[in-house]
Amino acid sequence: MLLDTHIFLWWLFGDSRLPSKIMRYIEDRDHDVFVSAASVWEITTKYRLGKLPQAEKVAKHVPAWIERARFQGMAITAEHAQFAGSWNMAHRDPFDRMLAAQAKLEHMPLATVDKALSHFPVEIIG
């Protein structure tokens, strides 16, 4: 499963908005859970811009938090970038486009509650 950025942060913060279905999936250590480099980029960018002040500890060293959560990092490949950029959709958020592209190309569900991501042809768990 690939986590959308907000799902990763909700997991770290123990946020009650985290859907129980996603929580159960993550807690089952037989599943591989990934956090994209796009989420690292999004967290640090939004923290720098003042849009995620509550994520200061995480934003200062996101890879350590991925490791601490026992998740796996997912690099952005040239294929991911090509696919994300070539989707002929009106969706403008580059982070969302990348996460959807990675989920599609890596054949894994995307954990999100973001309704805008449901427009992409990927499996959504939320």
Original post:
Could you list, in sequence order, the residues of region 21-69 that are under 13 Å from the mean Cα position of the chain (by Cα) and in a loop (DSSP other than H, G, I, E, B)?
Top reply: Val33
**OP:** Please work out if Glu79 is over 15 Å from Ser39 (Cβ atoms) and at pLDDT 95 or above.
**Re:** yes
Original post:
Just for region 1-15: of the residues that are in a helix (DSSP H, G or I) and free of Cβ contacts under 8 Å to residues at least 60 places away in the same chain, which one is surrounded by the fewest Cβ atoms within 10 Å (Cβ to Cβ)?
Top reply: Phe13
**OP:** Evaluate the following for Ala55: is it under 19 Å from Trp10 (Cα atoms) and of a type outside the set (Asp, Glu)?
**Re:** yes
**OP:** Can you give me the number of residues within region 1-44 that are among the polar types (S, T, N, Q) and out of contact with any helix residue (DSSP H, G or I) (no Cβ under 6 Å at 6 or more places or on another chain)?
**Re:** 2
Subject >> Top-ranked residue of region 70-126 - restricted to ones that are assigned to a strand (DSSP E or B) and not small (Gly, Ala, Ser), ranked as surrounded by the fewest Cβ atoms within 10 Å (Cβ to Cβ) >> reply: Gln72
Subject >> Residue in region 40-59 that is closer than 17 Å to Leu110 by Cβ and surrounded by fewer than 20 Cβ atoms within 10 Å (Cβ to Cβ) present >> reply: yes
Original post:
Of all residues in region 85-121, how many are touching a helix residue (DSSP H, G or I) at 6+ places or on another chain (Cβ under 8 Å), hydrophobic (A, V, I, L, M, F, W, C) and at pLDDT below 95?
Top reply: 6
Original post:
In this structure, does Leu18 turn out to be surrounded by 11 or more Cβ atoms within 10 Å (Cβ to Cβ), at pLDDT 95 or above, at negative phi and not in a helix (DSSP H, G or I)?
Top reply: yes
Subject >> Residues (in contact (Cβ under 8 Å) with a residue 60 or more places away in the chain and among the polar types (S, T, N, Q)) located in region 88-114 >> reply: Gln102, Thr112
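The values are calculated or read from the model by the stated rules, or taken from the named source; none is laboratory data. These figures come from a predicted structure and were not determined experimentally. Note that we place each Cβ from the backbone using ideal geometry, even for glycine, and neighbour counts take in every protein chain shown.
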